[in-house]
Amino acid sequence: MAVEIGSKAPDFELKDQHGSVVKLSDFQGAKNVVLLFYPFSFTGVCTGELCALRDELPTFVNDDVQLLAVSCDSMFTQKVFAEKEGLEYPVLSDFWPHGEVAKAYGVFNEEKGCAVRGTFVIDKEGVVRWTVVNGLPDARDLNDYVKALGAL
């Protein structure tokens with residue numbers, strides 16, 4: 001089961017594509033967070049989703065909002081992927097312990113060993129205010145995130 005709306009978002013500490021530690025709680029009191037889990041870097045649907053966010057970056061990374069993308073790929077994979085696609089927002093590695101954060105959010109597919117397409121909009125108090133979980137092949141609509149952020 002995915003983390004439910006109205007519940008406290010599980011805190012985590014993961015490395016981004018540059019090896020810097022990113023903690024969800026660091027944004028508490030300062031920014032709303034769009035936390036986006038995706039299956040694998042370098043795959044078609046995932047690349048399309050993350051590049052669409054890149055193309056609308058001012059909507060998702062600004063004084064009020066921070067985008068965090070997470071997959072179970074290694075930090076080194078995330079680095080090459082982010083550089084290749086021009087992703088300037090944090091691309092986090094949930095590699096080891098494998099999928100621990102995806103499991104905490106209820107979006108880890110044990111059979112495939114990866115996160116499914118789960119998105120959580122977390123307010124400045126650290127509470128989940130909106131969520132959507134799609135299957136592995138089903139792309140998300142980033143306009144839904146915009147609407148969810150507008151409702152905060």
| remark: With the first residue restricted to segment 124-152 and required to be in contact (Cβ under 8 Å) with a residue 12 or more places away in the chain and closer than 20 Å to residue 7 by Cα, and the second required to be of a type in the set (Asp, Glu) and assigned to a helix (DSSP H, G or I), Cβ contacts under 9 Å at 6 or more apart or on different chains are 130/144; 132/144
| said: Suppose we keep only residues that are touching an Asp or Glu at 6+ places or on another chain (Cβ under 7 Å) and either within 15 Å of residue 82 (Cα to Cα) or of a type outside the set (D, E, K, R) (or both) within segment 15-27. Which one would you say is most open to solvent (accessible area, probe 1.4 Å)? | reply: 21
| query | Among the numbered criteria (1) loosely packed, with under 13 Cβ neighbours inside 10 Å; (2) more than 17 Å from residue 135 (Cα to Cα); (3) more than 15 Å from the chain's Cα centre (by Cα), which single criterion is violated by residue 44? | reply | (2)
| remark: Checking 125, 110 in turn, the sole residue that is open to solvent by 40 Å² or more (accessible area, probe 1.4 Å), over 15 Å from the mean Cα position of the chain (by Cα) and within 15 Å of residue 11 (Cα to Cα) turns out to be 125
| field | Within segment 27-91, helices (runs of 4 or more DSSP H) holding 2 or more residues that are β-branched (Val, Ile, Thr) | value | 44-55, 75-85
| query | residue 80: surrounded by fewer than 20 Cβ atoms within 10 Å (Cβ to Cβ) and modelled with pLDDT of 95 or more, yes or no? | reply | yes
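The values are calculated or read from the model by the stated rules, or taken from the named source; none is laboratory data. All figures in this text were calculated on a predicted structure; none of them were measured in a lab. For neighbour counting, all protein chains shown are included, and Cβ atoms are generated from backbone atoms with ideal geometry for every residue, glycine included. What goes into the accessible areas is simple: the full protein's heavy atoms, side chains included, and nothing from ligands, DNA or RNA. Shrake-Rupley method; radii C 1.70, N 1.55, O 1.52, S 1.80 Å.
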